[in-house]
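The following block contains the structure, expressed as structure tokens.
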Amino acid sequence: MSKTAKYLVTALVLFLFIVIFGAISVASSNAGRTPGIFGLIVFAGLIGAIRAIWKSKPTGNNNDTDSSALQK
């Protein structure tokens, strides 16, 4: 994945986080509570998504043919 695509996908993930967390916050505040565990779950999802985007391996030009985990 190119850097431009990573930046665009990261921006999309951040936008979705803001929308979802905003909805959770509004619903919670109407009930007289804080976002609590649902907010933490969405935040953990944000962190996981961003880490997965930026740790992806490049496709193509992969000359690594050794797929075995253990070598003798």
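If you count only protein heavy atoms with a 1.4 Å probe, what accessible area per residue comes out for the stretch 3-60, rounded to a whole Å²?
It amounts to 74 Å² per residue over the stretch 3-60.
Sticking with this structure for a sec: Could you tally the net charge around Val13, taking each other residue with its Cβ under 13 Å from the Cβ of Val13, Lys/Arg +1 and Asp/Glu -1?
After counting each charged neighbour, the total is +2.
The values are calculated or read from the model by the stated rules, or taken from the named source; none is laboratory data. Because the structure is predicted, anything quoted here is derived from the model rather than measured. As a convention, Cβ positions derive from the backbone with ideal geometry for all residues, glycine included, and neighbour counts pool all protein chains shown. What goes into the accessible areas is simple: the full protein's heavy atoms, side chains included, and nothing from ligands, DNA or RNA. Shrake-Rupley method; radii C 1.70, N 1.55, O 1.52, S 1.80 Å.
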